[in-house]
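This report concerns only the one structure given below.
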């Protein structure tokens, strides 16, 4: 059994002064605490050794729960109140049909596969999100706080960044699950240094900037360098009376954080304005599309796990209006991402996962007196898209019954979902991490890789 001690890293120095408190003395504004914490997480992971594969993951999270019946698992022969509003269309992969709102994805279906038999038996957002993102049911837990670390936190603790100078775990633009930040995308007992680095803002806006990578107003890079030089002089003096090497450790991480702010590599990766306008158009000139384009840039630069938040899928009413707006956006961004990964020779190195916490009821409701009909929560069966990272495209895994009510073939659990992503990253599925009490906690409980995908 492979164990990792999650309790050894501390953000407090030997004299009890926190790193944040120290930085506030004379050097505020040089580097964000979150950046240095991310780098500290990266260093801890490197000491553990990289995973076997040089692979990254982009998780496009459809927050709220998309309707499997209207996206990936359409039932045209079902009664009208079940089958939904749109017809299925054929794709370039034999036997695969998807929504008519996905014409671009239909031309790229050979690059991804669809799992139609996920099941978590949940009917509420929080427990469903918790299961899908942490792999745990954890009934009775505080819905606003995860007791267990997210798949992204575990993966990046083990793998670190793929290249120096880039945070390993990034959320674009926010790490949000049903309004909880970082919610079930956070690190829990692994420590906040393993929470995702959040870009914030809207990548579609002309003035979009990463707040933690931009020098404070009135302070240019040269001024930052002057401050850094002064800090080094102060540190050199302090070391004369410091015998614990605490300053040497601080220097390493804070210098790397400074390099992110003052250097060019990370700033270039985060600068979406460097993309050709035609490519930006292909992804869609909206927050979802530009967030996905930024995610592609980040994995190219060396990030290991990037989440893209696409919210608004909780369509209890007005499903038709919502889907007419959302599905074309999703079609464009997913298609452009797979095309770019293939064209750049990155499809085997980047796994793309598209899904949410559950599906929607197979039958349409009346709109709950708030509008036109929609669909409610449904965890008995739902769908998820996997592509890249070794996944064989053009496949359907599992099946639901003829009304999309329950799984009839190859039931896939949230633990299987986790095991599959870890497999793509080369993370040992038997890995255990020690919690704050020193107890070994498995990363995956009773999970198996969805072998048909590979």
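Coordinate-derived values only; no laboratory data. Because the structure is a prediction, the values reported are computed rather than measured. Don't worry about glycine lacking a Cβ; one is built from the backbone with ideal geometry, like all the others, and counts go over all protein chains shown.
Numbers for the structure displayed
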item: Overall form of segment 63-164 per C-alpha gyration tensor (a/c, 1.5; a/b vs b/c); result: oblate
item: Surface/4 estimate of mean projected area, convex hull on alpha-carbon atoms of segment 332-418, nm²; result: 7.3 nm²
item: Likely footprinting exposure, 147, 75, 211, fewest C-beta neighbours within 10 Å first; result: 211, 147, 75
item: Segment 261-308: proportion of alpha-carbon pairs further apart than 12 angstrom, %; result: 61 percent
